[in-house]
Every structure is written in structure tokens, then in C-alpha cells.
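In what follows, a single structure is set out as C-alpha cells and then discussed.
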Amino acid sequence: MIYLFSLVFPVLSIISGVIVLTMLVKFVIEIQRDIRNNT
Amino acid sequence: MEVTAFDIIAIIIYFSFVAIFAYLTRRTKTFSEFSIAKHTIPATMIFASLSATYVGPGFSVGLTSKGYVSGYLFYFLAFTYIIQTILVGILIAPKLSKFRDCHTLGDVLEKFYGKFSHLLGGIISVGLCIGFSAIMAKIGGGLLQTATGLPLMLCIAIVTTVTALYTFSGGIRASIATDGLQFGLFSIIIPVMLLFAFFKSDIPASQIATKAIELTREGFGGMTAIQIVAILLSFLLGETLIPPYANRALAAKSSGASKFGFITAGCFGAIWLGIVFSLGVYGHQLVPDGTNPDDVFITMGIKLLPSGALGLLLAALIAIVMSSQDSVMNAGSVAIVRDILGIHKQLPDRKALLVGRIGTIVIAAVATIVARYSPSIIEGLLICYSIWAPSVLFALLVGLFCKKTVHAAGWLSILAGGLTSIIWQAILKEPAGVPAILVGLVAAAIAYFVGNLIGNKESVLSHEGESQ
């Protein structure tokens, strides 16, 4: 269990962070497109 | 604490990124964009924003100190929070996101119980958002003071003003975008700290595991049954569907996005709690004996992380605070517009947007003052947690799952649940250790039953399919 908590979980969290940052770029691009379409 | 130039640069870089994101998402033209982003938020961002909102100082620094004192005991107790988030994702969030014309929980309450319940729900939502915002301001100010040495009041004002500025301009969309950035930062830097602890520790993992079991047993032995029930209930119900979470369910692109966001946020909670409790357990190998448990997190950061990375950790902690604070500020300002000022007649769109923005500034200002004078962070949090479930949550859940509702049952339950909980907690100081949240829920259930008996038949409203 200690390996799960101190090795596997941190790696999973880092992967989640990277995925979210990637999706965030896409999200902000969509917002920018939406703003441009509305002006 | 020794903060180097690299650390200060890391903090400045973080604030610069927040400013860039705030700039890119700043433009909102309608109140619907400001409050629920026109129902355009994708599942991944619902997940990131929810996770960034519930991972506050308590779920990071606070739980690490619990891990230091009692091993993984609180991991099992806090697991009810994970179960709650997943259940909300499966059962409630998809139902909420079908209310396409609703901006707040108050709007949803009105569909079940009429305008008076809507107003009560709104007042409680705004009060709760101010309370949470003040607590976050105090913690965020304290962290910035640690990093910079500036006076506390100035630090509280800086953190709250930066958060208010981007929430003011971009509404929920800016809040969610910056939440994503903040999630990215803390979900990477804090696990990296644990990996450093794992690889730098001279003691084999088996001995760490033995220590963890010993601490967990000791912690469990030192608690009474009623204390365990109180903690389980607080984690289970204290934050269930509080206004910022509900707003994210309402802002989701679809029911599916809402469901996915809540379920994955719950699953991430299981991972996150494992990380912060493990940091506490490793603390016994890495921090000097006699360290204040509340200082274990930051002491480990100083000990483990190289120059610059420590600044990133401080930035991550400030991000944890700001991502929670922006969400409650936005939810509170939307509640002011929809649930209080617009209770009789909703304001025209442009006026609603303007009032929403002013509301953000008002909440920030009040939170800054309250933060300065509030005596205790923990006491404030406990009061906030004990009010929400007995007042609004009970009536809301019954409304969502019943086909017919009685107006009187709704507002009686909200009033009885909320007031009983406040009196039990703040005046009677929880006699016999019975938690206020439990007493409040019983009072809410009784009042709901009485309201159903005395309610006017004409006030029974069928709302099935009303908002499809």
C-alpha cells in the first residue's frame, strides 16, 4: 500500500495535471474563438 | 524561512500566467456567460475546476498534518467525501444540468418550493460564499506573508484583489480556466515533493509502512465513536453541492459532461488524499521531532525541494487558495443577482452582468474585512459546513427526487435546519459531542414532514419535465 500511495498515486496525479494543462490550452483557444465570433 | 531569488521568480511567473489566462478569458458580454458560461464547459474542465475548488488549504496542508499525527486514519474517514462526490456525479449532477434555465441552486429551489425558498437559499448561498472567501483570504494572505514578509493585511488584500479582478472580468469561464492552470501546477509539484521524499528517505518502505500502521492505530484508539461519526458526516455532507460545485454542474456542456466531471473529480480525490497523507507519514523521517503538525507540509518542502522549486510550491499553495476563492466569489455574486436582487423580477441582462461584477467586488471587500477580524479558521469552516446540508441541501435533494413538492415544506425545512444547526453549534456548543450537522438534518426532516402536512394543496407543484 505504501508503494501505491507514494509511487503510483503521485505518477497518476502528474499525468492528470499534464492532461488538464493540454486540455486547458484547447479550452482557452475555444474561448478566444467564441470571443472573436461575438465581436 | 529562507526564500531565494529563484523562488520569488517562480512566484512572479505563476502570477504572470494567471494574468495571461485572465486576460485571454476576460470578455463576457452576457450574464449567462458570466454565471454559467452559456453551458459550454467541457467534461475535463469540470473535473479540473471541481478538483481545484475542493483541494483547498484544508485538503493539502491540513490533511498532511493529520497524516503526521494519525497516519492514514483520516484517509479512511475522508473517503466519505470521495464517495459523496462520485454519488453526486452519478445521481444529482446530471439532474441539475437539465435545468437549462437555472443559474443557481436558488433558481432550482424556486421550481420546487416557490420564491421564499429561493430567497432563503440565496441568502444562505451568499453568506456561505462570503464565509469561505474570508477563510481562503486569511490562509492565502498568510502564505504570501510567509513568502514575502509583507504585512498580513496587505497580503490578504493582494490575494483577494488578484482573484477578484479576474473573476470580475471573466466570470465563471475565467474562474474555470485559471482553476485548470492552478490544478496543473499543484497536481504536479506536490506529488513531485512526495516522490522526492520516497527516493531521498534512508529508511526502507516497509519501515515507513509499519510506522503508518502504528500511527493509524494510535489515532483510531484516541477517538470516540461520536467523534468518528461527526467527522464522517462533515466529510460526507459538509460541502455537498455548495454553490460553486452546483454552478459547475449547471455550466456543464451536457449531463454527460457534468457526470464525468464529478465522477473523475471524486476518483482524483482518492489519489490526492493518498498523496497528502503519505507526505504526513514521511514527515516523521524528514522533519525534526516536535515540529508543529501544521508546519510539516511547508517544512518538508523546504527540506526536499531545490531553490526555485520551493517558490513553485509556494505558488502552488497560493494557487490552491485562489482556485477555491475565485469559485466561491463567482458563485456568491451570481447568487446576489439571481436569488436576492432578482427575486421578484429578474434584472435585464446588461444590468445583471454589471451587478454580478459589482457583487464580486463587494464579496471580495467584505471577505477581506471578515478575514482580518475572524478569530479562527477552523471554527469558521466548521460553522460553514454545519449550515449548508441541513438548510439547503436537504430540501434540494428531496425536491430533485420527488415528483411533487409543497412550498411550505421547503422553506420550513430550510429555516428549521439552518437555525437549529447554528444554535446547536454556536450557542449550545454541541452538547454531548453530537454534531450540529446531524441535529440540523433531523430538524430539517421533521420540518419538511410538518410542512407537507400543513401545506396548501394549491401550492403543490408538478415540476416533472418542466426544465427539459
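The values are calculated or read from the model by the stated rules, or taken from the named source; none is laboratory data. What you see is a predicted model; the values in this text were computed from it and never measured. Reconstructed Cβ throughout: ideal geometry from the backbone, glycine too, with neighbour counts over all protein chains shown. Surface accessibility is based on the protein's heavy atoms, side chains included, excluding ligands, DNA and RNA. Shrake-Rupley method; radii C 1.70, N 1.55, O 1.52, S 1.80 Å.
Details
Yes or no, residue by residue, for (1) under 15 Å from the mean Cα position of the chain (by Cα); (2) basic (K, R):
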{"position": "B:L310", "(1), (2)": "no, no"}
{"position": "B:A315", "(1), (2)": "no, no"}
{"position": "B:I320", "(1), (2)": "yes, no"}
{"position": "B:Q325", "(1), (2)": "yes, no"}
{"position": "B:V328", "(1), (2)": "yes, no"}
{"position": "B:G332", "(1), (2)": "yes, no"}
{"position": "B:R338", "(1), (2)": "no, yes"}
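- Checking B:Y14, B:Y75 one by one, the residue that is hydroxyl-bearing (S, T, Y), assigned to a helix (DSSP H, G or I) and away from chain A (no Cβ under 13 Å) is B:Y14 and no other.
- Some residue of the stretch B:148-156 being over 19 Å from the mean Cα position of the chain (by Cα), at pLDDT below 85 and in a helix (DSSP H, G or I): yes
- Scanning the stretch B:19-34 for residues that are farther than 10 Å from B:A174 by Cβ and among the aliphatic types (A, V, I, L, M), we see that the one that is most open to solvent (accessible area, probe 1.4 Å) is B:I20.
- Qualifying residue in the stretch B:161-179 (condition: part of a helix (DSSP H, G or I) and free of Cβ contacts under 8 Å to residues at least 40 places away in the same chain): no
- Of all residues in the stretch B:180-204 being part of a helix (DSSP H, G or I) and β-branched (V, I, T), the one that is nearest to the other protein chains (Cβ to nearest Cβ): B:I188
- Any hit, the stretch B:152-167, residues being crowded, with 19+ Cβ neighbours inside 10 Å, under 30 Å from B:K29 (Cβ atoms) and within 14 Å of chain A (Cβ to nearest Cβ): yes
- Residues satisfying the stated conditions in the stretch B:45-72, i.e. hydroxyl-bearing (S, T, Y), in a helix (DSSP H, G or I) and over 16 Å from the mean Cα position of the chain (by Cα): B:T64, B:S65, B:Y68, B:S70
- Complete set of residues in the stretch B:17-27 that are touching a Gly at 6+ places or on another chain (Cβ under 7 Å) and more than 9 Å from chain A (Cβ to nearest Cβ): B:A22
- Condition check for B:L353: more than 30 Å from B:E214 (Cα to Cα), open to solvent by 10 Å² or more (accessible area, probe 1.4 Å) and within 14 Å of chain A (Cβ to nearest Cβ): yes
- B:F34 in a helix (DSSP H, G or I), facing another protein chain (nearest Cβ under 9 Å), in contact (Cβ under 8 Å) with a residue 12 or more places away in the chain and hydrophobic (A, V, I, L, M, F, W, C): no
- Residues being of a type outside the set (V, I, T) and either open to solvent by 10 Å² or more (accessible area, probe 1.4 Å) or over 23 Å from B:L241 (Cα atoms) (or both) are entirely absent from the stretch B:318-327.
- Residue in the stretch B:106-126 that is within 17 Å of the chain's Cα centre (by Cα) and within 14 Å of chain A (Cβ to nearest Cβ) present: no
- For B:A230, the stated conditions hold: it is assigned to a helix (DSSP H, G or I), more than 12 Å from every other protein chain (Cβ to nearest Cβ) and open to solvent by less than 60 Å² (accessible area, probe 1.4 Å).
- Look at (1) part of a helix (DSSP H, G or I); (2) surrounded by fewer than 21 Cβ atoms within 10 Å (Cβ to Cβ) and you find that B:D101 fails only one, number (1).
- Scanning the stretch B:249-262 for residues that are within 14 Å of chain A (Cβ to nearest Cβ) and open to solvent by less than 40 Å² (accessible area, probe 1.4 Å) yields B:A251, B:A252, B:A257, B:G261.
- If you go through the stretch B:98-127 and keep only what is among the polar types (S, T, N, Q) and touching a Lys or Arg at 6+ places or on another chain (Cβ under 8 Å), you end up with just B:T104.
- Hits in the stretch B:35-58 (condition: open to solvent by 20 Å² or more (accessible area, probe 1.4 Å) and out of contact with any Gly (no Cβ under 6 Å at 6 or more places or on another chain)): B:K38, B:H39, B:T40, B:P42, B:T44, B:G58
- Taking the stretch B:234-350 as the region of interest, the helices (runs of 4 or more DSSP H) fully inside it that hold 1 or more residues being aromatic (F, W, Y) are B:243-251, B:255-286, B:296-304.
- Condition met for B:V276 (out of contact with any strand residue (DSSP E or B) (no Cβ under 6 Å at 6 or more places or on another chain), among the β-branched types (V, I, T) and either in contact (Cβ under 8 Å) with a residue 24 or more places away in the chain or closer than 30 Å to B:I203 by Cα (or both)): yes
- Figure legend. Inter-residue proximity from the stretch B:358-371: first residues without any contact (Cβ under 8 Å) to a residue 12 or more places away in the chain and open to solvent by 50 Å² or more (accessible area, probe 1.4 Å), second residues in a helix (DSSP H, G or I) and among the acidic types (D, E), beta-carbon distance below 9 Å, spacing 6+ or different chains. No pairs are indicated.
- When residues of the stretch A:5-39 are limited to those that are over 21 Å from the mean Cα position of the chain (by Cα) and within 7 Å of chain B (Cβ to nearest Cβ), the one modelled with the lowest pLDDT: A:N38
Here's the yes/no breakdown for (1) more than 14 Å from chain A (Cβ to nearest Cβ); (2) open to solvent by less than 10 Å² (accessible area, probe 1.4 Å):
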residue	(1), (2)
B:G219	yes, no
B:F235	yes, no
B:I242	yes, yes
B:N247	yes, yes
B:T264	no, no
B:L273	no, yes
B:V281	no, yes
B:H284	no, no
B:D289	yes, no
